[in-house]
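The values are calculated or read from the model by the stated rules, or taken from the named source; none is laboratory data. Model, not experiment: these values are computed from the prediction. A quick note on method: Cβ atoms are made from the backbone with ideal geometry, for glycine too, and the neighbour counts reach across all protein chains shown.
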Amino acid sequence: MKQNPLSGKMISIVAPVYNEEANIAVFVERVVEVTKKNYEAYELILINDGSKDSSLEKMLAIAADNKNVKIVNFARNFGHQSAISAGWDFAQGDAVITLDSDLQDQPELIPELVNKWTQGFQVVNAVRKTRKDGWLKRTTAKVFYKFLNSILTSKIPENVGDYRLLDKRVVDVLRQITERDRYIRGLTNWVGFRQAFVEFDRDKRIAGKTNYSIGKMFNLALNGIFSFSDFPRKLAHLAWLFSVFITMVLLVYATVLHYMGINTPGWTSQVFIMLCFSSIQLFLLAIVLEYVSRTYREVQARPLYVVADKVNFDKK
């Protein structure tokens with residue numbers, strides 16, 4: 001008789017929650033339906049990332065009726081990447097699956113991810129074959145991944161978000177990484193291990209609006225660029241070389257005009273040149289300050305998150 005590869009195994013589901021009062025009940029219902037039907041042991045860990053609506057109250061009501069639903073309540077909003085990291089810290093499962101709670105990532109895909117895991121893959125990424133996001137988000141995401149992969153030595157899979165399964169061994173490795181400015185899609189690719197991909201059609205949100213603003217997406221993009229490439233430093237070198245080149249050209253130009261007995265142009269060209277070089281200097285300074293600020297945050301060594309309370313976790 002063939003042994004069940006999932007016998008004695010626990011599956012952990014981790015979902016960050018931020019202002020999802022309209023979605024959370026349906027999300028939990030669909031996750032529980034899938035996991036309860038397919039697995040002997042499971043836990044659903046909801047990370048309340050400082051929600052300002054009634055998300056926490058609804059989660060507490062759900063957790064009161066189902067002890068497999070656990071809650072980690074942050075003291076304030078610490079961000080999506082920190083919430084996922086907290087899920088890794090608290091998960092007890094042999095495999096840990098992270099997905100968003102807005103139901104764009106379908107819970108019904110979980111068995112396919114787990115099936116790949118039972119085949120020996122340690123990182124299983126859900127790939128968005130199609131997505132129903134707005135035109136702006138689709139376009140910016142496509143452009144960003146094309147740009148990021150053009151400057152990285154280790155390519156990050158396109159159309160992969162934070163919906164993935166990680167083997168416990170991979171989670172243990174990721175927990176040892178303490179950097180504050182996190183780009184989890186890069187980290188899970190950087191650690192290596194055997195990786196697989198499962199395609200799916202990403203849905204629209206069933207209710208509410210996205211909590212990922214343009215500012216948050218821009219900051220996430222910066223984390224990816226500064227954490228996983230040397231591009232900013234190389235760009236600074238190129239800017240320096242460009243300024244040297246322009247200086248030499250202008251020097252030769254002024255020398256030629258002098259020996260030809262022609263007066264050099266007046267204040268307009270001088271102001272233009274000064275503004276050009278000032279812009280280059282400010283650009284270089286911005287890159288340096290970005291590295292300094294990131295280094296400073298690492299030196300401060302503040303925790304990624306602060307937990308106000310937990311629900312349905314065993315007391316130790």
_With the condition being modelled with pLDDT under 90, I'd like the strands (runs of 3 or more DSSP E) fully within region 1-81 carrying at least 1 qualifying residues._
10-17, 41-48
*Applying the selection to region 83-117, what residues are farther than 23 Å from residue 8 by Cα and either at pLDDT below 90 or in a loop (DSSP other than H, G, I, E, B) (or both)?*
99, 100, 101, 102, 103, 104, 105, 106
*Give the residue that is farthest from the chain's Cα centre (by Cα), with candidates limited to residues of region 67-77 that are closer than 15 Å to residue 15 by Cβ and among the hydrophobic types (A, V, I, L, M, F, W, C).*
69
_residue 280 being modelled with pLDDT under 70 and surrounded by 11 or more Cβ atoms within 10 Å (Cβ to Cβ)_ = no
*Residues of region 274-316 being of a type in the set (Val, Ile, Thr) and free of Cβ contacts under 8 Å to residues at least 60 places away in the same chain, which ones?*
280, 287, 288, 292, 295, 299
*Which members of region 52-77 meet the condition of being more than 24 Å from residue 168 (Cβ to Cβ), in contact with a Phe, Trp or Tyr (Cβ under 8 Å, 6 or more places away or on another chain) and surrounded by 20 or more Cβ atoms within 10 Å (Cβ to Cβ)?*
55
*Can you tell me how many residues in region 1-34 are polar (S, T, N, Q) and either surrounded by 23 or more Cβ atoms within 10 Å (Cβ to Cβ) or without any contact (Cβ under 8 Å) to a residue 60 or more places away in the chain (or both)?*
4
_Please verify whether residue 226 is modelled with pLDDT under 80, buried (at least 17 other Cβ atoms within 10 Å of the Cβ) and outside any loop (DSSP other than H, G, I, E, B), treating the condition exactly as stated._
yes
*Does region 162-197 hold any residues that are over 13 Å from residue 123 (Cα atoms) and not in a helix (DSSP H, G or I), and which are they?*
176, 177, 178, 179, 180, 181, 182, 183
*Residue in region 294-310 that is farthest from residue 60 (Cα to Cα), counting only those that are charged (D, E, K, R) and not in a helix (DSSP H, G or I)*: 302
*Within the set of pairs 6 or more residues apart or between chains, which connect a residue that is under 28 Å from residue 293 (Cα atoms) inside region 167-182 to a residue that is in a loop (DSSP other than H, G, I, E, B) and not small (Gly, Ala, Ser) with Cβ atoms less than 7 Å apart?*
173/191; 174/191; 180/304
*Among the residues of region 294-304, write down those that are of a type outside the set (Val, Ile, Thr) and either modelled with pLDDT of 80 or more or under 23 Å from residue 75 (Cβ atoms) (or both).*
296, 297, 298, 300, 301, 302, 303, 304
